[in-house]
Structure formats: structure tokens, C-alpha cells
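This is the structure, below, for whatever I ask next.
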Amino acid sequence: MCQQPFVNRHVVGPFRGSFWLLSAVMMAATNGQGWAQTGESPKATSHIVDHSLLVATEYPCTWPAYPFPQFQLTHQRMIGPDSAFNIDVILIDGNTGTQLDVPPHSVARPDLNRPKSGPLGLAYTDKIAAWQFGGEACVIDIRDLLDQAPKGVSPLATPAHVKRFEASHRPLRFGDVALFRSDYSDKFYRPFPEGSHFLADVLDRKVPGYPDPDPDCMEYLATRGVMAVGTDSPSLGPMPTLAEPTHYAGLRHGMIWTESATNLGAIPDTGAYYCMLGPRHKDGPYSECRAFSIVGGELPKRLIESSKNKQAVDLSPVLAANLPLTSPGRLSGQHRQVYLKIDFLYSEYLDLWHHGHLMDASAGTHLVPPSYALPPEGANPAYAPEIRGWLTEYEQKFGPRGISSMTTEKVPLDWTCGPARVIDVRSLVGSTDSKSWPASPVITAELIKGFEQRSGGLQSGEIVIFHTGHLDRHLKPLPNESGVWADPLAGKSEGWPAPSAEAIVYLKNKGIRCVATDAPDLGGVNPREALATYWALGSREMVGIEFLNNVGNAPEGGYFLFAPLKIRDCHAGPGRAIVLK
């Protein structure tokens, strides 16, 4: 499942033939931020390997026991008379696809005063520090255990397997991510009916269990200072009786881990930078996530050191039901699906509910792929008359709108990871006349050029982040939430700064693929200007990342990492963004 090069069949629009030539030329240029002493961008000598399972209904992506909810993707609105955008809603539980576990999965809260209580019982997904999500991948080969057990029973990885790795390589240490490679998911994660072998048949004792570490193995890793672990099996819980003991043995030390990783054979045994990122759910004992590695060149070494030295900043707001994470719309009936926490199974010992979420696919920090605003090949959407007029004017000025089938899972991860270039546009706040509201201050190409004159030219592969400060100022819980969306959309306050279509075209000409903002979206509050901005992004094979915060604390010259959930056919993608020094 290594990330494949992008093929232009996904998007048809302006500059199609020149895209890769421009990128190839500019990839060799320096970026003005000291990223490589050789004069090359880090991306010129490194690549990203995806370790995430595809989330789709015909795959065994959810835990198959009652009452765990099954994943659902709903195309709530499609481009046509009622919508200029493809808008999706997802129902997802944290035990879906590739997933992240944190201590409260097994460690009880300290106030409960139970044998397994402790401070780590409060270390939910929204509390884990950004540095702990990454580190040096140490791939521990346990392929000799695959299928070597009775039906329904997991063959066990013991401390001896870890010591075997250490004898061949080096002792494990703080900053490492211990990854147990059995190739289980590579072999058995298949569409149904074959996909039942992955987990359901194990639970029903029809096939041998998946290989997994035992409790002693987790305790041994803890003596080495390891704080992150991963497995390419469905769970870090051996069947049938050691699931909870193994979980607690590691989580009680503050470890976090990846379950249902895949493609671990595509990276070296040591030396790659491994990272797992998922939505920042409030009070989440686990979360769906995206796992990947960066391999080759000097970049992995730099990122490994940053994580080891705890030099990482979280740029994603917490996701909670009392926060304004999705647009309420300008008019009645135009609102997006609000973010809802759905309880489905109570744990008496932990005194918490296992829960999933129903939410718009663009809730919180999320990806905007080209297909968000562009129809697929062969479609001829019947836009509303007003939108048809806007499209005519847009195409006269910028060329064909284009088409796209590039949904979130098709966006290469190296498009959303790269050196961060933060452009401070807070000076635009308060620059509009209240008589013109609803209106957003416009981030122009000239403003970007002014930034380049002061800070050095933008380079291909960089992630441009607009620092508006909007969410830092206005993201507040009910009943004080109106400053994020509602008041600006209603013309009661100024909108957030947003780039014009001309600015997007300029960034494309500089070789930029990804544009991010710490505002609610990249479009602003004027629907006509917003649509032009999204058409410009999509038709020029660019993506957006929206709803960041804390951008002012991003280290200068930092490296930006964002990965959306790998949901098939989704026209947006929730995720988490961090930046490493």
C-alpha cells in the first residue's frame, strides 16, 4: 500500500501538461528555510509509505461484535441544483480501520480509586502530546508466528522476539516506535466474504488468531522507554484471553499504539520516521487514525530527533459536541451535519461509554480534495441558474473549471506533508467596511508576493499556512460560539481572511500543492468568491487543509504533517495536523 505517484486522470483542468515539469524543476530548488544543505528539498530525497487500511463498507474495517456500530458514509449532497459542493456525512467508531489506542482504553480515572486507576486514566486522545505520535520505526519481524496457533488463539510475541531484533540491530530506546510485523493485514484484509478471516472468523474460532505481543513483551518494551507501539493485526490484544492484560501492561506506562497497520514490509527495519495521526476527539479512549512513514534521505533523521526531543506542536482544535465545528449555513436548511458523540457500550470498570461519532466529513481539521468542488468525469451537473452565471464568469477569467474523481483516499500523503511556510495575514482583520458585510478580507497574490520579498520565495513542496487568528479568537463552546461561523455568515461581524482565486493561481505557479488556514475554511463568507477559490484549487490539482489553530506557536522552519482518514469515496477528510521543529 505504498503511496503511488499521482496520475492526471483524476483531474482535468488548466496546466495539466505542465504540472509535473514545473514540480520537477522546483523540487530541486532550495526553499529558503535551511531544510537541506545540499540545496534540495527534503521531498526530493524522501518518500512517504502509507500504513493505513482502506475504510469502506465492503471491507472488515469495524469491530464485528455487537453492539459496535458499522461504518457508514452518506453522500448527503452532490454537485447539482441544490449544492455547488459534494458534501458527505460519516458515522465512525474509533475502532475502525487503522486506529489509535491511548491509556484510558484500560487505565481507570484516578477519582475512581480502583486497582487500575491512575493519572493516565485522563490521557485521552485530545490530551496526548504531539511529539508522542511519531518516532523511529523499529520493525520487529514476527512473520514466523503467522497461522501458528489453534483456531481462535493468537500466537504470542514474547520478549525473546524483541531481543532477537535488538541482537540484529540495536537496543530499543525512548523515541522508538516498536512495530510488530506479521503481515497479517497484508494477507487477510480483503473485501467480504474473504474479509471475514481478518477478524470475525477469529472471534468465531474458525481460523487461527492474529499474532500479537503478550503482557511480558509489553512490560519489556516499557523497560526500554518505548512510548509507542504498533501492530499489523486487528488489535494489540491476543485472543482469546490476553487482550485486556496486554493492553493494560503497555497502556499503564503511558504508551500509545497503532492497531491494524499494514505494509510494514515496505520500510527498513530501522531509520524511517513513523507517525500516526487521528481526529482529536474530546475524552476519546481510542480513535480512528492514519499511519505512515517517511523513508529515505536526511528528513527522517531530523523528524525522529524532533519527536525524541518533544519539539512538536499540535495545530488541531479539540472536537467536542459543544463546539461550532461545522457550518450552520447562511439560510435555513443549509447547515452541515453537526458533530455528535454516540454512546453504544458502557464499561462499568472504567465508568465510561465506548462511543463513535456522526459528523460532517469536514468537521474540525480536515482535507479539501479536488473532488469537493469538481464533478467527476462524465458528469454534467445542472447547477442552479445563479451558480451557472458564476461559472461562466469564472471560466472566462481562469479557464475550464475541470473535473475530478480525486476523493480523499486518492490524495498522496506527500501533498499534505512538507516544510511549513506560515503567512501572517492578521493585519487584514478589521479591514472591511461593515456596510459591505457579509464579506471577508481578501488574501491577494500581492500580499503573498510581499511576504516572499520579506521572507524568501515560496518553493515547490512547501505547505502554505495562512495565519488569520480567527479560530484562536472565536472558537468557544456554547452559548458563545457565534463568532466562528454564525455572525460572519449573517453579516453581524466581519468574515475571516480568505485567499482569492487569483491568489490560488499564483500559489500554483509557485509549485504549491497544499494551502492551509486557521480559519473555518479557505473560501470566506461570500459564496461567489468562495466557490471561485475552491474551483481554482481543484482545477489546479491542489488541496486545502482547513480549521487549524495554534498556528502562531508553530516553530519557524518547522515541518508540517497532516493525514486525513483513508475513507474511500469521501469528498473531505477529518484528521489531525502537527508541526515538528
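The numbers here are math on the coordinates, done by the rules we state, and not lab data. Small disclaimer: the values here were computed from a predicted structure and weren't measured. We place every Cβ from the backbone using ideal geometry, glycine too, and count neighbours over all the protein chains shown.
Taking Cα centroids, how far is segment 208-283 from segment 394-429 in Å?
So the separation of the two Cα centres works out to 35 Å.
Can you give the Rg/Rh ratio of the chain, where Rg is from the C-alpha atoms and Rh is the Kirkwood radius?
Ratio value, two decimals: 0.97.
Express as a percent, rounded to the nearest 5, the fraction of DSSP beta bridges in segment 96-310 (both residues included) that run antiparallel.
For segment 96-310, the DSSP antiparallel bridge percentage is about 50.
For Lys435 and Ser83, what does the FRET efficiency come to when R0 = 30 Å and r is the distance between their Cβ atoms, rounded to the nearest 0.05?
Here the calculated transfer efficiency is 0.50.
After finding the eigenvalues of the alpha carbon gyration tensor for segment 349-580, what semi-axes result from the square roots of 5 times each, listed largest first in whole Å?
Working from the Cα gyration tensor, I get semi-axes of 25, 23, 21 Å.
Would you mind checking the radius of gyration and Dmax of segment 286-431 based on alpha-carbon positions, in Å?
Taking only Cα atoms of segment 286-431, I get Rg and Dmax of 20.9, 64 Å.
Right, another one. With θ set to phi - 60° and the Karplus curve 6.51 cos²θ - 1.76 cosθ + 1.60, what are the ³J(HN,Hα) couplings of segment 142-152 in order, to the nearest whole Hz, using x for Gly and Pro?
Couplings: 10, 4, 5, 8, 4, 6, 9, 7, x, 4, x Hz.
Sticking with this structure for a sec: Within a 10 angstrom radius of the beta carbon, how do His335, His571 rank from fewest other beta carbons to most?
With the fewest neighbours first, His335, His571 line up as His335, His571.
Based on a Kirkwood Rh over C-alpha pairs, give the Stokes-Einstein translational diffusion coefficient of segment 96-310 at 10 °C and viscosity 1.306 mPa s in µm²/s.
92
Given 4 °C and 1.567 mPa s, how large is the Stokes-Einstein diffusion coefficient of segment 235-297 in µm²/s, with Rh as the Kirkwood radius over Cα pairs?
Translational D for this selection: 94 µm²/s.
Percent of alpha carbon pairs in segment 448-581 separated by more than 23 Å?
36
Another question about this same structure. What is the order of Ser427, Ser440, fewest Cβ neighbours within 10 Å to most?
Lowest count first: Ser427, Ser440.
Towards the positive end of the charge dipole of the chain, with charges on Cβ (+1 Lys, Arg; -1 Asp, Glu), say which of His161, His281, Thr392 has the farthest Cα.
Thr392
Taking the alpha-carbon centroid of each part, what is the distance from segment 66-137 to segment 313-336 in angstrom?
If you average the Cα positions of each part, the centres end up 17 Å apart.
Return the long-range amide H neighbours of Gly80 (sequence gap of 5 or more, or a different chain), with a cut-off of under 5 Å between placed amide H atoms.
Phe85
With charges only on Cβ, +1 for K and R and -1 for D and E, what is the dipole size of segment 96-310 about its Cα centre, in debye, rounded to 20?
The dipole magnitude comes to about 500 debye.
Ok, one more. Work out the length of the dipole vector of the chain about its Cα centre, built from +1 on the beta-carbon of each Lys and Arg and -1 on the beta-carbon of each Asp and Glu, and round it to the nearest 20 debye.
My answer is approximately 780 debye.
Given charges of +1 on the Cβ of Lys and Arg and -1 on the Cβ of Asp and Glu, with all other atoms neutral, how large is the dipole of segment 349-580 about its Cα centre, in debye to the nearest 20?
280
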